[in-house]
Each structure stands twice: as C-alpha cells, then as structure tokens.
1. Among the residues of segment 106-121, is there at least one that is more than 16 Å from ligand 1 (Cβ to nearest atom), in the same structural domain as A315 (by TED's automatic domain parsing) and either under 30 Å from I326 (Cβ atoms) or surrounded by 12 or more Cβ atoms within 10 Å (Cβ to Cβ) (or both)?
2. Residues G267, G284: which one is open to solvent by less than 50 Å² (accessible area, probe 1.4 Å) and closer than 28 Å to K75 by Cβ?
3. Do the conditions hold for A298, that is, is it open to solvent by less than 40 Å² (accessible area, probe 1.4 Å) and modelled with pLDDT of 95 or more?
4. Go through segment 46-126 and tell me which helices (runs of 4 or more DSSP H), entirely inside it, have 2 or more residues that are in contact (Cβ under 8 Å) with a residue 60 or more places away in the chain.
5. Are there any pairs, at least 6 apart or on different chains, whose C-beta atoms fall under 6 Å, with the first in segment 264-277 and in the same structural domain as M221 (by TED's automatic domain parsing) and part of a helix (DSSP H, G or I) and the second modelled with pLDDT of 95 or more and open to solvent by 60 Å² or more (accessible area, probe 1.4 Å), and if so, which?
6. Determine if segment 85-104 includes at least one residue that is under 18 Å from the mean Cα position of the chain (by Cα) and among the hydroxyl-bearing types (S, T, Y).
Amino acid sequence: NPRLYSGMQPSADSLQLGNYLGALSPWKRLQEDHDAFFSVVDLHAITVPQDPSTLREKIRRTAAQYIAGGISPDKSTLYVQSHVPAHTELAWILNTITGFGEAGRMTQFKDKSSRYGTDAASVGLFAYPVLMAADILLYQTEVVPVGDDQRQHIELTRDLADRFNSRFGETFTIPEARIGGNEARIYDLQNPTSKMSKSGESPAGIIWVLDDPKVNAKKIMRAVTDADGVVAFDRENKPGVSNLLSIFSGLSGRTVEDITAAYDGQGYGAFKKDLAELVADTLGPVREHANELMADPAELDRLLARNAQRANEVAEATLDTVYDRIGLLRRA
Ligand code: ATP
Ligand code: MG
C-alpha cells in the first residue's frame, strides 16, 4: 500500500470543523488502502506560545479525536511527533539546504507572524515548514492529505526533497499533496473570507468538534449570510452561504448542486436548520467517543508509545541514509 503521512497541531482543546472536514474525514477513508502515519505535531504547536500546564492535555485530546473520528491505531500508525527524535534531526539538516528567502515566502508565516508581531514571532515559526518537510520525507511518503492552506508547504517539501536528491543522491520519495474539494477550505462562520482555525479568535465563528452539540447548532443558525435569500454557491459574492454549502456537502456526501436544488425557493431558514442538525448529529458521537478515551489517559499513553515505536523504526532507517549521504559518520 502507498505510504501516507499527515498531522494536526494540538494547538487548542478541540479540533475545529475545518480540521474534521479537510483532514480527519479524508484520513479515515484513505487509511483503508494506504500505509498511513498520523502524527500529533506537538513540536509544531510550540512554534507559537503554548501554556505548559495544558499542553499535555491538548496532545492527548488531539490523539483521542483522531481515534474518535475514525482513525484506527491498529491499521494506522498514530503517534506524537516529539516521541520520534528523527523529526527534529532531519529538520536541522533540511534547514541547511533551505533558502532564507524561500522560507520567507511562506504565506502561513506571514499570516501568523503578523498576528504576533515580528519580534514575538520565533525562529521556530519561521522554520515550521522545514520541520513539516522533515515529517513527511522521513517516512518516504507518497501521499499527503491536507487542507488547502497547506498547499504551499507541500510544494516546498517537494522542492527540498528534489534538491537533496540531486545534491546527495536519490534518498527521498517526492510526495504528492491530496487536497479535497470545497470542504478542503472551511471559513470562519462570522468572517467567511478567513479560514476557520484552531488558533483563531472568533468565539461565534469556530465550530469546535468537542463542543456541546447544541452550541454548535446555534452557531450555524447565527452564521453570517447575505440579504438575497438564495441558497447558491458563489464564493465571491456569497462567501457565507458558499461556506455553509461546503460544510453541508462535506458532512452529507451530497454534491453542492444537489443541495442547492433541494433548497430552491426556501430561503436560508430551512437550509440552516437542517445543516445545524447535520453538524450536531455528526460531531455528537465523535465528542462522546473522545470523552470516553480521555477518561483513561494511561491507556491512551500506552497506545501512543506502542505506535511511536513503529514510527521510530521507519524514521531511523531514512535518517541513517541521510547521514550517510551527506558525509556524517554513521551513528553506532
Ligand atoms: P492552527 O490555527 O493552530 O494552525 P489549524 O486549525 O490551522 O490550527 P492545523 O493543525 O494547522 O489546524 O492543521 C491540521 C489540518 O487541518 C491540516 O491538514 C490543515 O490543512 C487542515 N485545516 C486547517 N484548517 C482548515 C480549514 N479551515 N478547512 C479545511 N482544512 C483545514
Ligand atoms: Mg494551521
């Protein structure tokens, strides 16, 4: 089976709906016919300030949501990034072949650093995409299922793999991004031109996977739309309604055309009500299952340790080759 890698940051108490639609649901399908590695990327999360007293909990909660969302820790390798030291070791080596200007062109860095101010933005945040490249390349990954916002980082990963291979000899598989349709970019419900994000500051605009289903339903009912009252997809002129259509389509598996036809002439009320129900019905069971898993953190930790062992074996093999290629002494 083709090798697959992806991950999410434990940067909040819960995943948000965009993570669920753009990443977790595709992962669940793809794990059936891929050799999949799913990582909780804690070392990425600390590129912006995290509270040490709650980070551990967020790491476990993220892992629990992977499982509750359908990732099987028996079929797939589900582990915590910092448990596999090869990630940071390879990242350092890739740093040495990454251009300063090249890294500076990453739009996620520009977005996030402008939020924190250039002095508060860390070198770690700047180097984030290089660590991500290391994550992917360590596993000789062929397929990387991510949301649309990660397109540029995958492009950089491919460039770095290609550069390393041509300088030092064939070492890395060149990975392909697997990016979904409309559901690969979900927008904030109150500000439907900016991406829904775990680190966003929009209490009413973010749907949290682990939130009370009633609260989530209410947020859908209050989502920003427009005055023309027609359920139609038009990203330019109707960003709010288009976003709700993406969510509806992603959760139901129905096409946008099918949904717009079904609500033809009905206005937004009925459409929102059905969507609110769909969101609550989909995320409710995920929340319950995640809470069950969180009730036994020791078992969760054992599972993560077991999976990290497998990840370490694969990662170490690649790192050995890398050390050899660049002329470092092989480690004993
Ligand atoms: P943060 O704000 O801390 O960066 P995030 O919500 O962007 O958090 P990440 O952990 O950075 O989440 O990304 C995890 C996965 O979710 C990635 O594959 C990313 O592309 C995807 N993703 C994130 N936000 C969205 C979104 N709004 N729509 C679709 N996919 C998304
Ligand atoms: Mg992000």
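1. Checking segment 106-121: not a single residue is more than 16 Å from ligand 1 (Cβ to nearest atom), in the same structural domain as A315 (by TED's automatic domain parsing) and either under 30 Å from I326 (Cβ atoms) or surrounded by 12 or more Cβ atoms within 10 Å (Cβ to Cβ) (or both).
2. G284
3. Criteria not met by A298.
4. 52-68, 86-95, 107-116
5. Listed pairs, sorted by first residue: K272/M221; A276/M221.
6. Checked segment 85-104: no residue is under 18 Å from the mean Cα position of the chain (by Cα) and among the hydroxyl-bearing types (S, T, Y).
Residue-wise test of (1) away from ligand 1 (no atom under 15 Å from the Cβ); (2) open to solvent by less than 10 Å² (accessible area, probe 1.4 Å).
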site	(1), (2)
S6	no, yes
P10	no, yes
L30	no, no
F38	no, yes
P49	no, no
E57	yes, no
K75	yes, no
H83	yes, no
T88	yes, no
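Residues checked against (1) aliphatic (A, V, I, L, M); (2) open to solvent by less than 20 Å² (accessible area, probe 1.4 Å); (3) more than 21 Å from S14 (Cβ to Cβ):
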site: P52; (1), (2), (3): no, no, no
site: A63; (1), (2), (3): yes, yes, no
site: V80; (1), (2), (3): yes, yes, no
site: A91; (1), (2), (3): yes, yes, yes
site: E102; (1), (2), (3): no, no, yes
site: Q152; (1), (2), (3): no, no, yes
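The values are calculated or read from the model by the stated rules, or taken from the named source; none is laboratory data. Worth saying up front: this structure is predicted, and the values here are computed from it rather than measured. Glycine also receives a Cβ, built like all others from the backbone with ideal geometry; neighbour counts cover every protein chain displayed. Side chains are part of the model used for accessible areas, which takes the heavy atoms of the whole protein and leaves out ligands, DNA and RNA. Shrake-Rupley method; radii C 1.70, N 1.55, O 1.52, S 1.80 Å.
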